[in-house]
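Nothing in this text is a laboratory measurement; each read-out follows from the coordinates by a stated rule. All figures in this text were calculated on a predicted structure; none of them were measured in a lab.
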Amino acid sequence: MKICKQCGRSLPDESFRAYKPRGKGIRHTKQGRNTICITCENLNANMAVLWKKQNKTEEEDAVLARAAEYYKKLVDTGLQPIGTYAKHVLGTAAPRRRASEQLLDVLDSSMQHLMDSEDKLLAEYNKLLQLTLTEEPDVYQNKLEKLMEQSMGPDNKVQPRYVDIFRKVAEKFDEYEDSYTW
Ligand SMILES: [Zn+2]
């Protein structure tokens, strides 16, 4: 019999997963069994998966809340729950990430945002470039003007990366206006 250090139950040895020492460690550990029972181990693994899951349902949130209560209660009674989610709940999770890592995150997401909006504007220009012109020229000139405003830099000029495509679209619309019969 062996006592699970997480749930505190006294259980037969087979209720604890056997582990084999890795390689020939200097400590020459013998085959042993885990300190927590298989039931607890499975519970912890499931909680970790649930905790990391995106877009949890209400039910799943409720399960996590209940598990948090349970882990805290175990600690209160002198037991030692382990696992990723227990660590998180008990505030013993890994130390906070370094400031430089956090800065990298901020930079990455800012860069992504920049690239996304850049792509969006270029896509808009391309759309105008492909457009079959049938309506009055003003309609298109207005569209281009709006897009131009969005692609201006702090100096109130079209940013360099949009200049080429802006000129092409402007040329196309001007030609259309010139040849349009009112
Ligand atoms: Zn247990």
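Observations, loosely collected:
- When the alpha carbon gyration tensor of the chain is reduced to an equivalent ellipsoid, its three semi-axes come out at 66, 19, 16 angstrom, largest first.
- Backbone HN-Hα couplings from phi across the range 36-49 [Karplus 6.51/-1.76/1.60, Hz, Gly and Pro as x]: 10, 6, 4, 4, 5, 4, 5, 4, 4, 5, 5, 5, 4, 4
- Residues whose placed amide H lies under 5 Å from that of residue 33, excluding near-sequence neighbours: 19
- For a straight C-alpha distance cut-off of 29 angstrom, the lysines reachable from residue 146 (same-chain residues fewer than eight places away being disregarded) are 120, 127, 157, 168, 172.
- Backbone HN-Hα couplings from phi across the range 9-19 [Karplus 6.51/-1.76/1.60, Hz, Gly and Pro as x]: 6, 8, 10, x, 3, 5, 7, 10, 5, 7, 10
- Adding -39500 (n - 2.57) for every DSSP H run of four residues or longer, then dividing by how many residues the chain holds, sets the calculated 222 nm ellipticity at -20000 deg cm²/dmol.
- For the residue pairs 2/52; 5/73; 20/53, the alpha carbons lie more than 23 Å apart in 2/52; 20/53.
- Built amide H within the under 5 Å cut-off of residue 80, gap 5+: 6
- Other-chain or far-sequence residues with amide H under 5 Å of residue 9's (modelled H): 4
- Taking 0.36 nm per residue of sequence separation and removing the Cα-Cα distance, the residue 38/residue 149 pair yields an extension gain of 33.6 nm.
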